Amino acid sequence: MFNCASLFAGIGGLCMGMERAGFNTAWANEFNLDCVRVYKDNFPNSNIIAGDIRELSVEGNNLAPVDVLHGGFPCQSFSAAGNRLGFEDERGKLFHQIIRLIEEFGEKKPKMLLLENAPNLLIGDDGEWIETILTELQLCGYWVSKRNCLLVDANKHCGLPQRRERLFIVATSQDYFLDNPFDYNFDVVEKEDIQNFIELEEVKEDYYYLDKDNRFGSKLNEDLSKKPNYSLSQLRKTYVRPVEYGFCPTLTANMGAGGHNVPFLLDAKGLRKLTESECLKLQGFPETFKLPPASEMAKGKIYQMIGNSVSPRVSELLAKLIYNYLSENLDENRLAV
Ligand SMILES: C[S@@+](CC[C@H](N)C(=O)[O-])C[C@H]1O[C@@H](n2cnc3c(N)ncnc32)[C@H](O)[C@@H]1O
């Protein structure tokens with residue numbers, strides 16, 4: 001069995017995909033204590049270190065060397081929807097912490113890396129951001145180039161009824177491998193029916209329904225009442241955004257900020273937003289995934305962490321390729337011990 005470790009673990013979307021592919025998670029790091037709570041509830045045997053990555057150190061935290069280090073580093077400063085300050089932003093600078101930790105492993109650097117971020121990272125700042133990242137990884141001893149920057153979409157490549165394209169950078173260690181063959185074109189798969197993800201027949205508690213006097217209520221009603229059941233619509237800051245039937249709009253961390261971006265549907269009781277469990281399912285998490293009860297965590301925080309997560313269906317797709325690659329290539333191509 002191969003080991004992996006997770007930086008910026010969130011609630012464990014990447015970890016879940018890695019574990020489904022057969023990896024054992026040796027340790028993980030995350031500084032948001034709500035995420036840590038949810039992570040622990042769902043990965044009870046894991047060693048998650050709660051704290052800022054800037055305080056994490058291989059020696060100080062006794063971090064075990066791993067076969068694969070993965071990390072979905074914060075994307076707000078690189079995303080098209082964010083401030084686009086890149087490495088000028090404190091959150092953008094966190095990428096350098098990954099490099100610092102890899103270097104701290106010395107001769108025991110991870111054999112492979114899997115990094116996740118927003119697709120805009122590939123083109124932002126006229127390509128300077130991705131050049132910086134690739135150059136730093138190469139200087140650390142990894143085979144990686146633009147060919148190994150893979151765009152994977154939760155809908156197109158995994159069948160979820162949510163368009164959610166993310167960038168994955170796969171790097172292989174020059175100490176263990178002769179090259180980096182990760183330049184796949186993923187197969188396009190059939191989309192699953194949105195009805196399997198939404199509990200339309202079940203009337204929910206009042207919290208989920210839009211106030212009768214909400215100023216956007218009539219616009220949402222107008223949009224949804226002329227569409228088939230299971231249609232979704234989204235309240236943006238100042239307008240209602242219609243959504244193609246059969247799809248859920250991309251779920252984002254903004255869902256936690258007052259609930260405005262949580263998609264709405266129309267059921268027998270009125271206009272209601274998707275529940276946290278529906279959002280989890282639409283992200284590809286299994287129904288067995290545990291969320292804290294409302295008495296222990298504000299719903300806004302739960303929506304936010306769901307919107308921030310990597311879809312386990314997407315991470316599983318990549319994790320299986322990485323697992324197979326390690327199984328087939330590690331021994332014969334191994335150059336260093
Ligand atoms: C995009 S989310 C990660 C999603 C996660 N990798 C997954 O698989 O679902 C980024 C995470 O980085 C965490 N984070 C941001 N700044 C951090 C820091 N300085 N130290 C540790 N974690 C941090 C956030 O709390 C957030 O959970």
Open item on the list: Looking only at segment 298-337, how many residues end up being under 17 Å from Asn148 (Cβ atoms), polar (S, T, N, Q) and modelled with pLDDT of 95 or more?
Closed with: 2
- [ ] Find the residue count for segment 22-33, including only residues that are touching a residue at least 24 places away in the same chain (Cβ under 8 Å) and more than 9 Å from the ligand (Cβ to nearest atom).
- [x] 4
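Checking the condition at pLDDT 95 or above and assigned by TED's automatic domain parsing to the domain that holds Ser327, which residue from Glu128, Glu136 passes?
On the way: Glu128 fails: at pLDDT 95 or above.
Of the residues listed, the single one that is at pLDDT 95 or above and assigned by TED's automatic domain parsing to the domain that holds Ser327 is Glu136.
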Open item on the list: I'd like the residue in segment 288-332 that is more than 20 Å from Arg166 (Cβ to Cβ) and of a type in the set (A, V, I, L, M, F, W, C) and, out of all such residues, is farthest from the ligand (Cβ to nearest atom).
Closed with: Leu330
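I'd like the residue in segment 2-35 that is at positive phi and surrounded by fewer than 24 Cβ atoms within 10 Å (Cβ to Cβ) and, out of all such residues, is farthest from the chain's Cα centre (by Cα). Don't jump to the end; show me each part of the working.
Residues of segment 2-35 that are at positive phi, as a first pass: 8, 10, 12, 22.
Still in the running and surrounded by fewer than 24 Cβ atoms within 10 Å (Cβ to Cβ): 10, 22.
On the way: Gly10: 8, Gly22: 19 Å.
Residue satisfying both the conditions and the ranking: Gly22.
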TODO: Go through segment 155-174 and give me each residue that's out of contact with any Lys or Arg (no Cβ under 7 Å at 6 or more places or on another chain) and outside any strand (DSSP E or B).
DONE: Lys156, His157, Arg163, Arg164, Gln174
Task: Candidates Phe285, Phe264, filtered to the one that is within 16 Å of the ligand (Cβ to nearest atom) and outside the structural domain of Phe31 (by TED's automatic domain parsing) - done: Phe285
Open item on the list: Suppose we filter Pro119, Pro161 for residues that are modelled with pLDDT under 95 and within 25 Å of Ile306 (Cβ to Cβ); which single one remains?
Closed with: Pro119
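Here is a yes/no grid of residues against (1) near the ligand (Cβ under 9 Å from one of its atoms); (2) more than 22 Å from Phe95 (Cα to Cα); (3) touching a residue at least 24 places away in the same chain (Cβ under 8 Å):
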| site | (1), (2), (3) |
| --- | --- |
| Ala5 | no, no, yes |
| Phe8 | yes, no, yes |
| Arg20 | no, yes, yes |
| Arg37 | no, yes, yes |
| Lys40 | no, yes, no |
| Phe43 | no, yes, yes |
| Ile48 | no, no, yes |
| Gly51 | yes, no, no |
| Gly60 | no, no, no |
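The values are calculated or read from the model by the stated rules, or taken from the named source; none is laboratory data. Worth saying up front: this structure is predicted, and the values here are computed from it rather than measured. Please note: Cβ atoms are built from the backbone with ideal geometry, for glycine as well, and neighbour counts cover all protein chains shown.
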